[in-house]
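The values are calculated or read from the model by the stated rules, or taken from the named source; none is laboratory data. Only a predicted model underlies this, so the values are computations on that prediction, with no experimental measurement involved. Neighbour counts are summed over all protein chains in view; Cβ atoms, including those assigned to glycine, are modelled from backbone coordinates with ideal geometry. For the accessible areas, the whole protein counts, side chains as well, though only heavy atoms, and no ligand, DNA or RNA atoms are used. Shrake-Rupley method; radii C 1.70, N 1.55, O 1.52, S 1.80 Å.
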Amino acid sequence: MKRREYLTSVGVGAVGLATAGCLQVENSGGGDTTTSETTSGDGTTTATTGGTTSQSSGPLRVATYDSFFGDEGTAGDWLKTAWEAEHDTEVRFTAPSNGVNEFIQRKKQGVDIDADLFVGLNTGELVRVDENLPNATLFDDLAGDVANAGDIKDSLRIDPQNRALPYDTGYISLVYDGTKVENPGTFEALASDAYRGDLLAQNAQTSDPGRAFLLWTIHEFGEDGYLDYWDTLVDNDVRVLDDWQPAYDAFLAGERPIVVSYSTDQVYYNGEDEIPRHQVGFLNDEGYANPEAFARFADTDKPDIAAQFAEFMLTDEAQRNIAVNNVQFPATTTATLPEEYAKYAYEPPEPVTFTYDELAGNVGEWTEAWAQQIASN
Amino acid sequence: MDRSVGTTDSEQLTRLAERAALPLAGVGTLAVLLVVFYYPVWTVFENALGSVARPFQPVREVLESEFYMGAAHGLFAHPARVPGDVLAWLTSVRVGFGWNWTGVVLGDPLTWPRALPDAWVVYPEVRKGLFGFTAWQAALSTVASVALGLPGAYVLARFEFPGRRTLKSLTILPFVLPSIMVVVGFVATFGQFGTVNDLLAWLGFGRVQMLYTLEIVVLAHAFYNAPLVTRMVGTAWENVDASAVETARSLGANPLRAFRDVVAPQLVPALAASALLTFIFTFMTFPIVLALGGLQLATVEVWLYARVQQLDYQTAAALATLETVFSLALMYVYLRYEGRRAAGGTNNPLSRHRLFDADTAREWLVRGGVAVYGVVVAVVFLAPLASMVLASFGGAVDPTLRWWEFILERQSGGRTQPATAVWNSLKFGVGALAVALPMGVVVAAFSARGGRGRKVVDAVLMAPIAVSGIVVGFGMLQSLVFGVELGGLRISIVGPVVVVFAHAVAGYPFVVRNVAPMLSSVDRRLVESARSLGASRGRALWDVELPLVWPGVLAGAAFAFAISIGEFDATVLLAEGGSTYTMPVALERYLVDRTAGPSVGPAAAMGTVLLAVTAASFVVIDYVGGEYRP
């Protein structure tokens, strides 16, 4: 049904809405996809008619998180500019506030997936996708279509089914104020009297670094031991705030001298007087690797362009720029960081992480048990 | 058409339309609520139903869990054992009483208090559970809000001073401030190296850890809700009829007695109503708890949000159901109280004293008390806001215009442009006002009519206050944005319209709450005269009642606008696409702006803009509205 026909059929009441670009009507039955939509944002009107056999024109729609794109100096902005200089297809980023959950829900309810590629997926989220959609395919096999996928470091591969491919990684570590405390160095020391009331962590249920830190403790103490360790941390007056930003703000405000953060902290704080206050501390010489991956939506009508863009993201130049702009490490073996940057970005001697198989079926329960333990104290 | 259309017929038609206006508006309001509130919320709640074989299984699981219900879980898990458990608990309580002379030196009076009789109670701890803790912190928050808000009502109602009206309009301001920003302000004020601790250290006291305690969470709740108490009680106080007090005085009552017998009874309903609203709000609190208290002080709403994040809709729905039942019950109690509120305007209010003018020692004493209160208000309300403004200029130590320049740069070429955010916020605010005001007045008109079961209907219509914002946001996302399938077509509402409706639904209960009580206290004879002279019900409402309750309409409008400006949770979920961001959304984006590094500077600058824009709008609403006062 065409937009115009629809307008005449629904009468005066809805015209106000539809012309303002706020009411969408699309055909949901049958195999042929006839879509008509109006977009208020930029005033464009797209109408797609016909089957899905050919690559459709229109932009490559990349769903990601909010701080990845849009402004000068972001990884997304660099990617868009560099890609569009060489390709005819425009890149359009969106940031669903609900992250990958949005697409899980859409798939569950049979609603159109309005994106081609998802950028910014971590292992736990991939597990959640599969646990919530046991009989549906949200992402398809991308690795086979990406020529340089073999460059990705083996230690970072998060998906046994090769749908999600890492494009960068961060290492969760402690950041501490060296003018106030020494590096705890070990998990045991962190839970000892010397560090009483010093640590700020994040809610593992809702925060990425928070979950990574929890997983790190599970990696260290095992499924049967991590709750006991957290008991000692709680006795030692750890504070668990809701996300990285408030925790880091509190650290900056001098509230507490140790915060769970990233090992790239000094990239921001490399002034002579800043470095002592922004020391990176690994525990037991480890750091928890939290790779960020992209994956292609199975429903995309531009599988080839999406794969080309994925390949482009794994080129050495893109890897360098993503890493620098996103303050992370490259995911491939071939890419290197600029010297200046590498000086301030620390890699743990022993990166640790949980694989997909280790997390599957567990991560939800681990997190819930942890949260109940913290909240009931 | 076989009728001739003449002047008489068209007059008849007009009258018909007039007569149908109010019922039609009622049906329209209900339709809007069904589409943008009840249906979306239902899509979340139905997860709590469980299967046919095991109905309400998710709810029962929550009720029977010790983690959620604490000691009360026994009531549901094994009711037969409850009396025994209670008895066992009671028998293990030890009450002691005695003297302890150790440390008392007869020659040293300073040690004598130690010789006072000492009583102690030892009892095994009762687990509160998540619900119990949530109710406990809400009760404390309510007490704090009343304690902080009540003196304000007294000052605003009984004293005259320059800027009194402006100050009164600004009492609504905390409602619009996004909690992320308030948290930054609170950390800067009450933190280990915050203003208050700096002052304590300077005075020679040690630094005190105030963050991450229940006390600071309660104080932050008072920041948000004390102004509500001030506003509601203050209005009631201003409406006290001075002649009643004069009569009491002429009959020989002393001022205290006159206050107790005449004024207080008129304040108590407003006080109780504002306290109940505060309790409901703080029961459903979320970001403040996490940010200032941490997960250790988690509330039901915190858990609800986390369950939604994990896509565990069954538990989330069960929590939401229990939470809503509880707050709707409270809402019902609130509405009963409100019925007793005599909120009608009086033409003869109590005269105000001039604040900066006192003769007797007693008057000086009272003003001294007001001054102390002023200091407390400055610390609790002004300091966090001032800290935010200061942070936008880089703080006191290292002043810089960097963040304001940053914001300006964003204006000339960034994804989140401050001016667009301001413009969107104002646009959505006006849109939400345009929807919420008529809806609220219509509901108020029906509500004021009375009749059997009215309070129950009222409570249901007030549901947007009682339902968690997280549930509303996700419900709307699932049903409206994802769309509903109708006859092979999928119809969805996206973009600005759904945001405006979401804001309107959140705001209209405040219009109802401000208008309904005044409407029900309008002299019925005026309406009846209008009706007997031929006016329809709608016409009488428009021509007679509304002008009489205009202050209430205006207050409701201010609230609806404020709620829209400050709304964050639903907006960020619903405003798809890049261009429908509001000021709070922009603020949040600046907070995590990677190109600025981890600094609150840009967000603080945006927060300052938000503060300025909204403060200005309220003062404008209040002054423009003032001219219409009957």
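Brief remarks follow.
- Out of B:ALA188, B:ALA135, sole residue that is aliphatic (A, V, I, L, M) and either at pLDDT 90 or above or surrounded by fewer than 23 Cβ atoms within 10 Å (Cβ to Cβ) (or both): B:ALA135
- Out of B:VAL512, B:VAL498, one residue alone is open to solvent by less than 10 Å² (accessible area, probe 1.4 Å) and more than 16 Å from the chain's Cα centre (by Cα). It is B:VAL498.
- Residue match in segment B:213-231 (condition: more than 22 Å from B:ALA144 (Cβ to Cβ) and within 14 Å of another protein chain (Cβ to nearest Cβ)): no
- Going through (1) crowded, with 20+ Cβ neighbours inside 10 Å; (2) outside the structural domain of A:GLU84 (by TED's automatic domain parsing) one by one, A:MET313 falls short only on (2).
- Any pair with Cβ under 9 angstrom, 6 or more apart, that starts in segment A:87-111 at a residue that is more than 8 Å from chain B (Cβ to nearest Cβ) and ends at one that is in a loop (DSSP other than H, G, I, E, B) and of a type in the set (Val, Ile, Thr): A:PHE93/A:THR64; A:ALA95/A:THR64; A:PHE103/A:ILE113; A:LYS107/A:ILE113; A:LYS107/A:THR137
- Residue in segment A:333-352 that is among the β-branched types (Val, Ile, Thr) and free of Cβ contacts under 8 Å to residues at least 60 places away in the same chain present: yes
- Output for segment B:583-607, where each listed residue is in contact with a Leu (Cβ under 9 Å, 6 or more places away or on another chain) and either open to solvent by 20 Å² or more (accessible area, probe 1.4 Å) or assigned to a loop (DSSP other than H, G, I, E, B) (or both): B:PRO598, B:SER599, B:VAL600
- A:THR186 meets all of the listed conditions (1) open to solvent by 10 Å² or more (accessible area, probe 1.4 Å); (2) more than 14 Å from chain B (Cβ to nearest Cβ); (3) closer than 29 Å to B:VAL183 by Cβ but one, namely (3).
- Boolean, A:ALA136 is closer than 14 Å to A:PHE297 by Cβ, buried (at least 22 other Cβ atoms within 10 Å of the Cβ) and among the small types (Gly, Ala, Ser): no
- Contact annotation: residue pairs with Cβ atoms under 6 Å, 6 or more positions apart or on different chains, pairing a residue in segment B:300-320 that is at positive phi with a partner that is in a helix (DSSP H, G or I), are B:LEU311/A:ASN132.
- Meets criteria (among the polar types (S, T, N, Q), within 12 Å of another protein chain (Cβ to nearest Cβ) and either within 29 Å of B:PRO464 (Cβ to Cβ) or open to solvent by 10 Å² or more (accessible area, probe 1.4 Å) (or both)) for B:SER521: no
- The selection criterion, being in contact with a strand residue (DSSP E or B) (Cβ under 8 Å, 6 or more places away or on another chain), at the interface with another protein chain (Cβ under 9 Å from one of its Cβ atoms) and surrounded by fewer than 23 Cβ atoms within 10 Å (Cβ to Cβ), does not hold for A:ASP208.
- So B:PHE406, is it away from chain A (no Cβ under 14 Å) and over 21 Å from the mean Cα position of the chain (by Cα): no
- Residues located in segment B:543-569, provided they are over 16 Å from B:SER521 (Cβ atoms) and touching a Leu at 6+ places or on another chain (Cβ under 9 Å): B:ALA557, B:ALA560, B:PHE561, B:ALA562, B:SER564, B:ILE565, B:GLY566, B:PHE568
- Identity of the residue in segment A:167-183, within 28 Å of the chain's Cα centre (by Cα) and within 14 Å of chain B (Cβ to nearest Cβ), that ends up surrounded by the fewest Cβ atoms within 10 Å (Cβ to Cβ): A:ASP177
- Subset of segment B:425-452 (residues that are open to solvent by less than 40 Å² (accessible area, probe 1.4 Å) and either without any contact (Cβ under 8 Å) to a residue 12 or more places away in the chain or among the aromatic types (Phe, Trp, Tyr) (or both)): B:PHE428
- Conditions (1) over 20 Å from B:THR29 (Cα atoms); (2) open to solvent by 10 Å² or more (accessible area, probe 1.4 Å): number failed by B:PHE482: (2)
- In segment B:244-254 there is at least one residue matching the filter, namely being open to solvent by 20 Å² or more (accessible area, probe 1.4 Å), in contact with a Leu (Cβ under 9 Å, 6 or more places away or on another chain) and assigned to a helix (DSSP H, G or I).
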